[in-house]
Amino acid sequence: MSFDISTLPFSPLLIIVGLGYAGISAVATGPEIIRRENEQAGWHATCQLNIQADIEATRRPDQHIPQVPDIGGMICSAYPELGDLCQIIPDPSAAARAAEVRARELEDARIARATSAAGNACACAEQLFIENQRLSVTLYAASGRFLSPPVVSNRDTGLIRALNSPQCQQEG
């Protein structure tokens, strides 16, 4: 038994055009529409600010170094003739203050390194969202934004989920 295309209630050309339109929506227009809507909504800026805030929340608190009286300064102010002795008496908190300054510099460097990858993580999340939701994005684009699947309507939730996925996790 053979299949006769001429017996279909619609033209085979219509099927070919429909499949071509769906393919273009899946490959080009769908992802581009989502990227532009994310850009208009300020997704990248918001994403980067959220990542930076999360990283800043992990900052080590500054260590409180108690003020110890400067014995050398007190002796020299009372007895200026002991100036040579004042130079010999060390500041007992100097090493702790220097260590705290170094620890603060290292912490700032760690945070700067971690936040430098925020833009890449946000772009990764957007791409991963588009890839994982290809069918919904295609339907949204092919319908001229008339049909909006829940995944596309609640895009921020999907983007945050993609951002927290192992594929987009940044090194810190």
**OP:** Among what's in the stretch 135-163 and is touching a Leu at 6+ places or on another chain (Cβ under 7 Å) and over 16 Å from residue 18 (Cβ atoms), pick the residue that is modelled with the highest pLDDT.
**Re:** 162
Original post:
Among (1) farther than 26 Å from residue 25 by Cα; (2) exposed (fewer than 12 other Cβ atoms within 10 Å of the Cβ); (3) more than 26 Å from the chain's Cα centre (by Cα); (4) of a type in the set (D, E, K, R), which single condition is residue 105 missing?
Top reply: (3)
Subject >> Among residues of the stretch 102-161, those that are of a type in the set (Ser, Thr, Tyr) and under 30 Å from residue 62 (Cα atoms), counted >> reply: 2
Subject >> Matching residues in the stretch 33-43 - criterion: being part of a helix (DSSP H, G or I) and exposed (fewer than 14 other Cβ atoms within 10 Å of the Cβ) >> reply: 36, 39, 40, 41
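Given the options 91, 62, name the one that is among the acidic types (Asp, Glu), more than 23 Å from residue 164 (Cα to Cα) and over 26 Å from the mean Cα position of the chain (by Cα).
On the way: 62 fails: over 26 Å from the mean Cα position of the chain (by Cα).
Matching residue, one of 91, 62: 91.
If you take the residues in the stretch 12-43 that are of a type in the set (S, T, N, Q) and modelled with pLDDT of 75 or more, which one is farthest from the chain's Cα centre (by Cα)?
Step one: list which residues in the stretch 12-43 are of a type in the set (S, T, N, Q), which gives 25, 29, 38, 40.
Subsequent filtering for residues that are modelled with pLDDT of 75 or more retains 29, 38, 40.
Details: 29: 25, 38: 14, 40: 18 Å.
Once the filter is applied, the top-ranked residue is 29.
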**OP:** Being at pLDDT 75 or above, within 26 Å of residue 113 (Cα to Cα), β-branched (Val, Ile, Thr) and not in a helix (DSSP H, G or I) narrows it down to one of 46, 58, so name that one.
**Re:** 58
**OP:** Determine which single condition residue 95 fails, assuming it passes every other condition in (1) modelled with pLDDT of 80 or more; (2) among the small types (Gly, Ala, Ser); (3) closer than 30 Å to residue 145 by Cα.
**Re:** (3)
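The values are calculated or read from the model by the stated rules, or taken from the named source; none is laboratory data. Everything quoted here is computed from the prediction, not taken from an experiment. Counting neighbours? That spans all protein chains shown, and the Cβs are built from the backbone with ideal geometry, glycine included.
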